[in-house]
Every structure is written in C-alpha cells, then in structure tokens.
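The values are calculated or read from the model by the stated rules, or taken from the named source; none is laboratory data. Worth saying up front: this structure is predicted, and the values here are computed from it rather than measured. All Cβ positions, glycine included, derive from the backbone under ideal geometry; neighbour counts span all protein chains shown. Remember, those area values only see protein heavy atoms, side chains included, never the ligands or the DNA or RNA. Shrake-Rupley method; radii C 1.70, N 1.55, O 1.52, S 1.80 Å.
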Amino acid sequence: MATPTTPKTFIIDCPWCKAKVAALEHGHGTKLGWIEGPEEPYGTTLSVGECPNCHTMLAGESHQVGFKGYDSHEDIWTDVVRIFPKPPKTFSSYRIPKVVSDSITEADRSLQANANIAACVMLGRALEAVCRDVIEKSKTPSKDTSTTAKKIKPIMLGQGIKKMKEIGVIDDRLFDWSQQLHAFRNLAAHPEDVSISREDTEDLQTFVYAIIEYIYDLTDRYEEFKERLAEKAQKAKKK
Ligand SMILES: [Zn+2]
C-alpha cells in the first residue's frame, strides 16, 4: 500500500495572520548557476503556497548561501522572505546610502520574524544614517577637510532629527514621526524588559518609508520635473 504523501510546506510570514506559518506549497522554481567575475555559484528559489489559517496565497524567495562540495558540507538556504503580498519596499532614488537600504531590509526581515525590538533598532539605524547623510551634504565644504573632518563626532539620532528640521529638510509632521521612532529606538536599544507590538513596529516602518521617500525619491522627482519645465521654457524662447 502506498503511504500517503505529506504535502510540502515552507515557512513564511503571513501578513494577515501576523505570524510565521507553514504554507502549503503549490509550486516552486529553482535556478542554480554560476556568477562570472567573482566566480561563485548562486541559487534562488521562488515558492508559491497558501496560508494554512487564512488561505491567502503567499510567495517567497530564498537564496542559497552554502554550496555542498564548494564551501559547505551541505546545501544551506536562507529563510524564505515574503515577496507577495506586501513585498519589501523599494525606493527609486540612487542617492539613498547603502547603510540606509541595508538597515531597512534588515528591519523588514526582523519584522517578518516577529522580532519587533530588533526591527525598531534597525529602523532607528536607517533614520540615523539618513540624518548623517542629509546633514553632511547640507554643509558648505570647509577648506581644511583633512584634519577637522576626522575630529567631528558623528551626529546621533536625536540631534540629527532636530537638525533636519532646523535646516528645513523635514516639516513638523515628519519631525513628530521621527521623534516617535527615536523614543521606540531608545526603548529597543536598552537592555530592559520591554515589549513592542508588531502593530506599532509596522506603523514606525511606514513612517520611516515615508520620510525616506520624501527626502530622496520625491525630491529627485521634483528636481526632474523642474528641469523638464526649464528645458521647455528654453526651447520656447529660441523659437
Ligand atoms: Zn494567514
């Protein structure tokens, strides 16, 4: 007698159940290959399945990080990160520093693992890096950068938020959101017994996305818009 086959599952965060679930797999695709240049193997798997509780369709991505016979005794894959629904946020501006995008990716992964305290720390790190970048770029270059630049202590989150408001990079509302994030980040960063809800963490994540979008993406877009108008005006003059 044939033994009944157990359905294949994969562990993924369900945004509606707000929990890690063993999704019933409906299908998957795996691509393995070799990256030329750095000369290293890669592997990616896309899995599609269904939440066993709410029956929402879920899709996630996993990357191979250990390759049997190459750099590991066995094949090792990362946890599945959800890409549908609610895919990880992407931004369009090329000016966003890598430390900012790395921190928001890390925050999202923590949130999907229900590690809310870790997510708050990472969101704070993202905003702190935004502050440093924006304030650094707003300074008029001093002549003697070699010696003075090294002595200046990097700006901290609380100070950075105030400075961004002072120089008009953020308005009152974004300032308030930033203050909230600062408070939660401080709570999360200190070794005391705290709990932060997923709901609050998701809200803070939305605020950080809005701040980054406002400072980088929307500013880029507005600059491009103004350039187009100026070009049109130039052409009209020549006629
Ligand atoms: Zn669900």
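Among the residues of region 169-182, is there at least one that is open to solvent by 80 Å² or more (accessible area, probe 1.4 Å), more than 22 Å from Ala119 (Cβ to Cβ), in a helix (DSSP H, G or I) and of a type in the set (S, T, N, Q)?
no
Contact list please: Cβ distance under 7 Å, first residue in region 176-195 and farther than 15 Å from Met156 by Cα, second residue open to solvent by 70 Å² or more (accessible area, probe 1.4 Å) and not aromatic (Phe, Trp, Tyr), pairs at least six apart or on different chains.
Between residues of region 176-195 that are farther than 15 Å from Met156 by Cα and residues that are open to solvent by 70 Å² or more (accessible area, probe 1.4 Å) and not aromatic (Phe, Trp, Tyr), the close pairs are Val194/Leu187.
Here are some residues: Thr78, Thr56, Thr44. Which one is touching a Cys at 6+ places or on another chain (Cβ under 7 Å), open to solvent by less than 60 Å² (accessible area, probe 1.4 Å) and hydroxyl-bearing (Ser, Thr, Tyr)?
Thr56
For residues that are among the charged types (D, E, K, R) and surrounded by 14 or more Cβ atoms within 10 Å (Cβ to Cβ), scanning just region 19-41, find the one that is farthest from the ligand (Cβ to nearest atom).
My answer is Glu25.
Can you name every residue in region 59-71 that is open to solvent by less than 50 Å² (accessible area, probe 1.4 Å) and away from the ligand (no atom under 16 Å from the Cβ)?
Result: Ser62, Gln64, Gly66, Phe67.
Identify, by number, the condition in (1) small (Gly, Ala, Ser); (2) modelled with pLDDT under 95; (3) in the same structural domain as Leu127 (by TED's automatic domain parsing) that Ala149 doesn't meet.
Every condition holds for Ala149 apart from (3).
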